[in-house]
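Asker: Okay, here's the structure, questions in a sec.
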4 protein chains.
Amino acid sequence: MDTPSDALARIRAFVSERLLDATLERDFITLPFREVQPRLDALRAEVKSLGLWAPQVPRSLGGLELPFLTFARVGEALGQSPFGHYVFNCQAPDSGNMELLHAHGSAAQKVQWLEPLARGDIRSCFAMTEPGHAGSNPVFMSSRAIRDGDDYVIDGHKWFTSGADGAAFTIIMVVTDPDAPPHARASQVIVPMDAPGVTRVRNISVMGHAGDGWPTHSEMRFDGVRVPVTNRIGDEGAGFALAQERLGPGRIHHGMRWLGICERAIDLSCRYAVSRELSPGHPLAEQQAVQHMLADSRAEVDAARLLVLDAAQQIDANGVHASRDAVSTLKFFVAGVLQRVLDRAIQVHGALGVTDDTPLAFWYRHERAARIYDGPDEVHKTVVAKRMLKAYGFGAR
Amino acid sequence: MDTPSDALARIRAFVSERLLDATLERDFITLPFREVQPRLDALRAEVKSLGLWAPQVPRSLGGLELPFLTFARVGEALGQSPFGHYVFNCQAPDSGNMELLHAHGSAAQKVQWLEPLARGDIRSCFAMTEPGHAGSNPVFMSSRAIRDGDDYVIDGHKWFTSGADGAAFTIIMVVTDPDAPPHARASQVIVPMDAPGVTRVRNISVMGHAGDGWPTHSEMRFDGVRVPVTNRIGDEGAGFALAQERLGPGRIHHGMRWLGICERAIDLSCRYAVSRELSPGHPLAEQQAVQHMLADSRAEVDAARLLVLDAAQQIDANGVHASRDAVSTLKFFVAGVLQRVLDRAIQVHGALGVTDDTPLAFWYRHERAARIYDGPDEVHKTVVAKRMLKAYGFGAR
Amino acid sequence: MDTPSDALARIRAFVSERLLDATLERDFITLPFREVQPRLDALRAEVKSLGLWAPQVPRSLGGLELPFLTFARVGEALGQSPFGHYVFNCQAPDSGNMELLHAHGSAAQKVQWLEPLARGDIRSCFAMTEPGHAGSNPVFMSSRAIRDGDDYVIDGHKWFTSGADGAAFTIIMVVTDPDAPPHARASQVIVPMDAPGVTRVRNISVMGHAGDGWPTHSEMRFDGVRVPVTNRIGDEGAGFALAQERLGPGRIHHGMRWLGICERAIDLSCRYAVSRELSPGHPLAEQQAVQHMLADSRAEVDAARLLVLDAAQQIDANGVHASRDAVSTLKFFVAGVLQRVLDRAIQVHGALGVTDDTPLAFWYRHERAARIYDGPDEVHKTVVAKRMLKAYGFGAR
Amino acid sequence: MDTPSDALARIRAFVSERLLDATLERDFITLPFREVQPRLDALRAEVKSLGLWAPQVPRSLGGLELPFLTFARVGEALGQSPFGHYVFNCQAPDSGNMELLHAHGSAAQKVQWLEPLARGDIRSCFAMTEPGHAGSNPVFMSSRAIRDGDDYVIDGHKWFTSGADGAAFTIIMVVTDPDAPPHARASQVIVPMDAPGVTRVRNISVMGHAGDGWPTHSEMRFDGVRVPVTNRIGDEGAGFALAQERLGPGRIHHGMRWLGICERAIDLSCRYAVSRELSPGHPLAEQQAVQHMLADSRAEVDAARLLVLDAAQQIDANGVHASRDAVSTLKFFVAGVLQRVLDRAIQVHGALGVTDDTPLAFWYRHERAARIYDGPDEVHKTVVAKRMLKAYGFGAR
């Protein structure tokens, strides 16, 4: 059995040798997902056979059960590939759903939903954001679950439900008690995607692509959807608390994945800079403007990584709640670094940078949302500042 | 007959009333061009019937022959729509090709190529950039035309040939005399797209889309393509001089189009900010962070417009060559403004901003190239700085 | 008699030939003002003898009465020197006080205060900002003038009263009717600096210097100061309206002066870049990082100038009130350009840039306040944004 | 005897309780150093009596001999005060001179120069930069030491010799063998300041102040200065190697000191934001623009601290040479953070921020040089980038 650092080393090697494949990357970016999925599934099988499957999942469920901090490093390695997390079965939103079900699911929920997820037999999604309500205000929500005997009857309208296309079930955030205090109004409930009344309205076209299968973001309607109350995860009214518990580590995972993207962008830029000639014998790498873009990216990425790992250590030592400022700080700081690093990498590549001959343009498009999803920059900055100011008496009235 | 300012007012009204159509915009962005083209062609017919067709084209060819400075203003109005220039038949690269043929084409070339272009019966393209050579160094080029009797035999490899898919002809930049001084080596030659040896290798997938028809960028091969020497535009060796003549006004047109995009982005942001509520009764517009993003965009766009118009006046008064610093300055300044304004508009829109429910994401993707095409920022900055320093004796050795 | 453009040309020549004097500049920056004043007064005499005195002042008062737009250009020329405006008697705050007295002063006020100001025989100041109240909220003010017969009795505490040290009188903004609507509470009143109860508490040490004479910012106390009601300028309650009238053109003058500073910073940078060698035969000007800093400054300054001149034209054509958005926009935009241009110039100069061997460090210190005085960036951005949003119905409740 | 962390805690407490004194700070900033020195020397005596003297100095010399990483933390604590390092006798350049003499001085040199330095009885300086040569190219130097029997005869011209005013000796970098390879040409030699031929030409006026005593930067001339060869530190030709050894840890110390400044700037900003009212009951802290400035500073400072500490750990584990990229990276990254954090703090403070009523303006002025001294940003970025690119074959020819 590997030590965590052995496992990390083997995963890194697999990424380098098997995933950073220009043809597969271009196909993943430009073809429908269903056309590429067989090749990705073959890689999944390979990962399983190498004993590297599901690095974040408990051993009892077939995973590597890597410590949180090691898995953070794994996330950076996988992030170098647009499909790294998928191939190792730690892609969002399934990874978060597995964590949630493992920690708070009932025995029956685990058998029915967690085990096949952990095996990679099914996929899942998480329906939280609503088109009519600002995602930045999570207590401002319309979707309702009304108790009717042993069932909930659910009505709601959600969007940006990632991975809904092809998912076996969703976990939906719904108001179960509109009269409770704001943070105790909602619950999380499992809804099979084939339940009557569940409609996937559309895969939302994002940055030019509606997509299909896993890499999608759907608009969903829930009209009188009836599920047993036993589909609720945790206590009634615990929806927000569970969401917070999920989002803390989730932002570490995003942060490390983003840094994997950044490292890849720097690597591609260096390769290109030394090989592209501006005139015979004069590579792009000689340009001071290029050099300084590389150095700025290097510095920002190194600083960002230390910030994410530091927050991860805080979570590991003190829990999510005590670490929430560190988590908010890294969220907006690293998302900003990601955007600037990708922008510089594209500029270094010139016209090639906007093509799909490298994955830079894919990330440039799809990670613009990094400054928006899981809380826009502005929300996290306000959170951090208010806590800073509270120490000086602000808002203490 | 309209005065120029009447024509401008009528064009602006047409854009507002007929082009800023959310359904058509979304379809243009998400469907194949050929599916949307009939609707665009119907709009073209409407424009013709209103007497607003081809505002930049001489009256003798069926256009409005608007003065250069008025047409700059028209370009901003049309830029508010992703297909505004197409509908008025002043889209790149056809517009530049028309200017070139009008100024330097032979009588026969005008009849054969310019007249149908001006009528909108055919499209054209311009093959300049080569994949193996940095576009930032225009004298570093491999494509060759070898004289053989009354013909040129052309061999070359080009990419980012915009609009090649469906074009009737291309104008190609080729080396005609490799032994001449660097800026006198190349010529511009008309090549019918159906000439033997012309291959459209692929539409390059750019920011996720290879596309079809007009909005494409192709890789092209020219293998022993034979065309009569009379297909050359202007003198042998005049290729660079003609390209320079084209690029000056071309950058004015890009600049004004970008400002149209910016104004639309600001308009969409204001609309959204007043209508989106963060909590009941509290629109996004109340957020100081949103307000300051709007004000920053307002200031930058107003400054940028004055800079473009000032350069246009210089060209109008003193010609392209005498105005080249002003042109370089606006190129990188306005491209930067465009990127920041779009970025802020997306941030104001939150998740909606990355979807294709507005044209913001389309522009965010496709105008990232604005800082690269027609000379990357770095090249223009170096040009401007060297001329500044030359006045102090730099490089005077 | 000169045409305006002749006068402008002669003023520019005088600045270049007589004011851009390295020794005098260094002495102005590093010595007490009183030690340098005789040399500046000699230059003032020279300016008078050349017929260039007080370019903004009416001919009837001994000035050139240049049109507003020409005077804007003059302001840029004078801004190249830290004491340019002083030498031509159009320095703040005297220039604004002269405008105010000319437009709204009584005949007696003009004889007593305006005429000697215009001749340069006395100096004056303007006491508005209060230490206990945010300058960004002008209706939040404590200083009071209570009517007592034909007198006002004034009590107040002011700071940042520029030029108070050595001034013959101040114009003070005081609340005359605390029960009036917020913008009708205050009046402007002339107070001789030698009136009993007027105390100049200190010259505030700003960026390391308390200074003496004209280039100072004082803290002032007014304790039971008695002045005749006839010292009021304009109507009772008109204080804010008069202040607004002053601030519009005042921001044009600041903007143009800042651009003069920018042009000087660019000029010094170019001179240094071509002369400083990094190794034998390799001047700093060869560095791409230096070139790009110069080009960025060039572009920003050119854009900023057009923005200021455009706002000036709006004021000229439509008045201050109708142009207030343009004025707010230029205020924060140009102040930002100024800070960046100076920062780049210092970086180009290396260690020399932080010394007082050039005026760059002086401006870097004293113009940091440009983003604060006459309304901080944040206030102007909010003003501009609210007006943008108002057009979409915001705040229309 | 304290553990390192006890010592750190006691030092932090001393800084908070004794050094963050508004009156002393203002006097330090606005009065001649000699007027404030008695108060600082009293604090030095207090530090000695508390057993906290010279935290970086070996116990054998009367210091605390704190581990490198603990001393880095101390540096941050002291950095909160403009005179923190001075009061603890670890101010530049004496601290670096003590390190150098301790590691490489002869026994006689230690008795004569190191011991009184460590006691705080004398001060010293380090003469390296030359006005005629770019500091960014350290092998480009004119100062010469010519061997004459058992003496060196030194001729040279230096500037930015910090602390020369009042120093007992300088260490001068001089070329001892102009024919050696570039990095083996120079040596470091001790020169008493009272040696014949040593002239302190002037204290250079920096950002408005020439100053006196310790906080100064002098221009120096050395004309036929004769010192015994035994005054050389280390081997002949070892000057650059010794300088490099000094600069690595020196940049850690600068970095941590800068972060102390940043923390103070944030602390002052928070205090001000909660106490300053924009209107009754509405503190500045409510402004989102202020909140976001605070959050941006918080994130940047936290990331920067991790970057400095990580480089310090690398030095501790692997030595200066192996850590030079990490050192270059932190140098430009943290200097940039410092400048932005101070700029934001001033903006939050409004007019107060540019006065000397807080130390913000002092740091704003004097730490602008942080992006220049010890290698300008541009040099460090180039160093980092070239090493990145070397891994891809760049410059391997």
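The values are calculated or read from the model by the stated rules, or taken from the named source; none is laboratory data. Because the structure is predicted, anything quoted here is derived from the model rather than measured. Please note: Cβ atoms are built from the backbone with ideal geometry, for glycine as well, and neighbour counts cover all protein chains shown.
Asker: I'm told A:A241 meets every condition in (1) within 30 Å of A:H380 (Cα to Cα); (2) in contact with a Phe, Trp or Tyr (Cβ under 9 Å, 6 or more places away or on another chain) except one. Can you identify the failing condition by its number?
Answerer: Going through (1) within 30 Å of A:H380 (Cα to Cα); (2) in contact with a Phe, Trp or Tyr (Cβ under 9 Å, 6 or more places away or on another chain) one by one, A:A241 breaks only (2).
Asker: Within segment B:93-101, is there a residue that is among the hydroxyl-bearing types (S, T, Y), out of contact with any Gly (no Cβ under 6 Å at 6 or more places or on another chain) and not in a helix (DSSP H, G or I)?
Answerer: no
Asker: Being aromatic (F, W, Y) and within 22 Å of the chain's Cα centre (by Cα), is that true of even one residue in segment A:262-273?
Answerer: Looking only at segment A:262-273, we keep the residues that are aromatic (F, W, Y), and these are A:272.
Still in the list and also within 22 Å of the chain's Cα centre (by Cα): none.
Within segment A:262-273 (the criterion being aromatic (F, W, Y) and within 22 Å of the chain's Cα centre (by Cα)), the answer is no, since none of the residues qualifies.
Asker: I've got another one for you. In this structure, is D:F83 on the phi < 0 side of the Ramachandran plot, in contact (Cβ under 8 Å) with a residue 60 or more places away in the chain and under 14 Å from the mean Cα position of the chain (by Cα)?
Answerer: Against the criterion (on the phi < 0 side of the Ramachandran plot, in contact (Cβ under 8 Å) with a residue 60 or more places away in the chain and under 14 Å from the mean Cα position of the chain (by Cα)), D:F83 qualifies.
Asker: Out of all the residues in segment A:217-231, which are surrounded by fewer than 22 Cβ atoms within 10 Å (Cβ to Cβ) and not hydrophobic (A, V, I, L, M, F, W, C)?
Answerer: A:E219, A:R221, A:D223, A:G224, A:R226, A:P228, A:T230
Asker: Which members of segment B:75-89 meet the condition of being in a loop (DSSP other than H, G, I, E, B) and either of a type in the set (S, T, Y) or in contact with a Leu (Cβ under 7 Å, 6 or more places away or on another chain) (or both)?
Answerer: So in segment B:75-89, the residues in a loop (DSSP other than H, G, I, E, B) come out as B:80-83, B:88-89.
Once the filter is applied, which keeps residues that are in a loop (DSSP other than H, G, I, E, B) and either of a type in the set (S, T, Y) or in contact with a Leu (Cβ under 7 Å, 6 or more places away or on another chain) (or both), segment B:75-89 yields B:Q80, B:S81, B:F83, B:F88.
Asker: Follow-up. Kindly evaluate A:S162 against the criterion of being within 14 Å of another protein chain (Cβ to nearest Cβ) and under 30 Å from A:R12 (Cβ atoms). Let's see the steps before the verdict.
Answerer: On the way: within 14 Å of another protein chain (Cβ to nearest Cβ): yes; under 30 Å from A:R12 (Cβ atoms): yes.
In short, yes.
Asker: What helices (runs of 4 or more DSSP H) lie completely within segment D:304-397 and have 3 or more residues being free of Cβ contacts under 8 Å to residues at least 24 places away in the same chain and within 13 Å of chain A (Cβ to nearest Cβ)?
Answerer: D:377-390
Asker: Among the residues of segment C:132-191, write down those that are of a type in the set (S, T, Y) and crowded, with 17+ Cβ neighbours inside 10 Å.
Answerer: C:S136, C:S143, C:Y152, C:T161, C:S162, C:T170, C:T176, C:S187
Asker: Here are the criteria: (1) over 19 Å from B:P55 (Cα atoms); (2) part of a loop (DSSP other than H, G, I, E, B); (3) polar (S, T, N, Q). Tell me which single one B:Q112 does not satisfy.
Answerer: With respect to (1) over 19 Å from B:P55 (Cα atoms); (2) part of a loop (DSSP other than H, G, I, E, B); (3) polar (S, T, N, Q), B:Q112 is out only on (2).
Asker: For segment B:179-220, enumerate the residues that are acidic (D, E) and either closer than 23 Å to B:V87 by Cβ or free of Cβ contacts under 8 Å to residues at least 40 places away in the same chain (or both).
Answerer: Matches in segment B:179-220: B:D179, B:D194, B:D212.
Asker: Would you check which residues across segment D:267-283 are within 21 Å of D:A22 (Cβ to Cβ) and of a type in the set (S, T, Y) and list them?
Answerer: D:S269, D:Y272, D:S275, listed by residue number.
Asker: Out of all the residues in segment B:113-144, which are hydroxyl-bearing (S, T, Y) and away from chain A (no Cβ under 14 Å)? Talk me through it step by step, then tell me what you get.
Answerer: So the first thing to find is which residues in segment B:113-144 are hydroxyl-bearing (S, T, Y), and the list is B:124, B:129, B:136, B:142-143.
Passing the criteria: B:S124, B:S143.
Asker: Ok, one more. Identify, please: which residue in segment C:303-336 is buried (at least 24 other Cβ atoms within 10 Å of the Cβ) and in contact with a Phe, Trp or Tyr (Cβ under 8 Å, 6 or more places away or on another chain) and is, among those, farthest from B:Q314 (Cα to Cα)?
Answerer: My answer is C:A335.
Asker: Given C:R226, C:R147, which one is over 27 Å from C:F33 (Cβ atoms), out of contact with any strand residue (DSSP E or B) (no Cβ under 6 Å at 6 or more places or on another chain), away from chain D (no Cβ under 14 Å) and modelled with pLDDT of 95 or more?
Answerer: C:R147
Asker: From the list B:A54, B:A72, which residue is among the hydrophobic types (A, V, I, L, M, F, W, C) and part of a helix (DSSP H, G or I)?
Answerer: On the way: B:A54 fails: part of a helix (DSSP H, G or I).
When all the criteria are applied, what remains is B:A72.
Asker: Criterion first (small (G, A, S), closer than 30 Å to D:L360 by Cα and surrounded by fewer than 24 Cβ atoms within 10 Å (Cβ to Cβ)) does C:G250 satisfy it?
Answerer: yes
Asker: Of all the residues that make up segment D:271-283, how many are surrounded by fewer than 24 Cβ atoms within 10 Å (Cβ to Cβ) and in a helix (DSSP H, G or I)?
Answerer: Residues flagged as surrounded by fewer than 24 Cβ atoms within 10 Å (Cβ to Cβ) and in a helix (DSSP H, G or I) within segment D:271-283 amount to 4.
Asker: So, in segment B:246-294, how many residues would count as being more than 8 Å from every other protein chain (Cβ to nearest Cβ), under 18 Å from B:S81 (Cα atoms) and of a type in the set (K, R)?
Answerer: 2
Asker: Test of understanding: among D:L61, D:L78, D:L66, which residue is more than 14 Å from every other protein chain (Cβ to nearest Cβ), touching a His at 6+ places or on another chain (Cβ under 6 Å) and either surrounded by fewer than 23 Cβ atoms within 10 Å (Cβ to Cβ) or touching a residue at least 24 places away in the same chain (Cβ under 8 Å) (or both)?
Answerer: Answer to the selection: D:L78.
Asker: Still on this structure, please answer the following. Kindly provide the set of residues from segment A:1-35 that are aliphatic (A, V, I, L, M) and surrounded by fewer than 19 Cβ atoms within 10 Å (Cβ to Cβ), ordered by number.
Answerer: Taking segment A:1-35 as the starting set, the residues that turn out to be aliphatic (A, V, I, L, M) are A:1, A:7-9, A:11, A:13, A:15, A:19-20, A:22, A:24, A:29, A:31.
Scanning segment A:1-35 gives A:M1, A:A9, A:A13, A:L20, A:A22, A:L24, A:L31.
Asker: Residue check: is D:A145 touching a residue at least 40 places away in the same chain (Cβ under 8 Å), part of a strand (DSSP E or B), of a type outside the set (D, E, K, R) and not assigned by TED's automatic domain parsing to the domain that holds D:D377?
Answerer: The answer is yes for D:A145.
Asker: Quick one: which of B:E76, B:E17 is within 27 Å of B:D357 (Cα to Cα) and out of contact with any helix residue (DSSP H, G or I) (no Cβ under 6 Å at 6 or more places or on another chain)?
Answerer: B:E17 is the lone residue from the list that is within 27 Å of B:D357 (Cα to Cα) and out of contact with any helix residue (DSSP H, G or I) (no Cβ under 6 Å at 6 or more places or on another chain).
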